[in-house]
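No value in this document is a laboratory result; all are computed from the given coordinates. Quick caveat: nothing in here was measured; it's all calculated off a predicted structure. Ideal geometry is used to build each Cβ from the backbone, glycine not excepted, and the neighbour counts take in all protein chains shown.
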Amino acid sequence: MYVRGKKTFIAAILSAIIIIVLCVFVNMYYKDPYAIVVICFVFGGIPLLLLFFSLDRLPKQNVSLSKDVITTFIGSNLKILPIGADNDEIISLLIEWTELLAQENYSEALNMFQAYNWEINWTPELLESAVFTYGCPGYTRAEAEKVFGSSDYKITSLYQNPDKNKILESIDIKYYTQEVIEGLAKDLCFEETDYENVIGDINYDNVPINGEMSDLTALFHIKKVDEKNMTLSFFDLHVL
């Protein structure tokens, strides 16, 4: 990211002012057009040229954002990890996400991460309906009762689940070994997002429902937010 444009513009304005003042001054005292040209070039043009070329040598600014800057820019609740974070660090975020859903705090759970699905614009209400319909978002509770015969499904705490360790061990976290290109992004159904920042995916199987392991899987992508940091992007919650 170069700072050349803004500084060059300011330098041009200042040089133009200097040249105008010099022209008026020289015209008043010398009445010689050649003197006007020479003096204006020396005192106005040369400094402008020197500044213009010196700006090319300025180093690039460091565009790597700190966590505080990232969370302020994207969202104060967005959870950030260093790129290449180990599985335990990622799983700790998924546990936090699960506990928020167990408390029916859908808004805060959704705000922990980015969210993208080519079919669904995720909202707290849709996330809640994905839970109580066992993976079929978009129904109201009354509609779910009529269509599925129940709307009593609820994500429950991992800490109180006897199969906690089995659930956590089943979480499949995969970093990609190659950069996502357009063809692969199309195959993975996220070509309409910033797929070049996707560096992995997560299958969180056996999401705890009503105190037991379920058939529900929460899908996430792992995405870069800058050259040093990454976050998760919630994709879907359904039965695979």
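Seen from Glu212, the other residues with C-beta closer than 15 Å to its C-beta sum to a net charge of -1, counting Lys and Arg as +1 and Asp and Glu as -1.
For a paramagnetic label modelled on Phe148 (point 7 Å from Cα along Cα→Cβ), amide N atoms under 19 Å away belong, within the stretch 208-240, to 208-220, 235-240. One chain, two ends: Lys224 and Asp86. Fully extended at 0.36 nm per residue, the span grows by 48.2 nm beyond their Cα-Cα distance. Start at zero, step by 10 Å, and the Cα-Cα distances of the stretch 98-184 spread as 15, 34, 35, 14, 2 percent across the bins. Overall form of the stretch 116-240: oblate. Here a/c, set by the Cα gyration tensor axes a ≥ b ≥ c, is 1.5 or more, and a/b is not larger than b/c. Around the amide H of Leu216, modelled in the peptide plane, lie the amide H atoms of Asn206, Val207, all under 5 Å away and 5 or more residues distant in sequence or on another chain. Each residue of the stretch 214-221 was assigned a 3J(HN,Hα) from its phi angle through the Karplus curve 6.51 cos²θ - 1.76 cosθ + 1.60 (θ = phi - 60°); the sequence is 10, 8, 6, 10, 9, 9, 9, 10 Hz, with glycine and proline shown as x. For Met230, the residues whose modelled amide H falls within less than 5 Å of its own, excluding neighbours fewer than 5 places apart on the same chain, are Leu81, Ile83, Val225. Applied to the stretch 126-139, the Karplus parametrisation 6.51 cos²θ - 1.76 cosθ + 1.60 on θ = phi - 60° returns per-residue 3J(HN,Hα) values of 5, 5, 4, 5, 5, 6, 6, 9, 6, x, 10, x, x, 8 Hz, with x for Gly and Pro.
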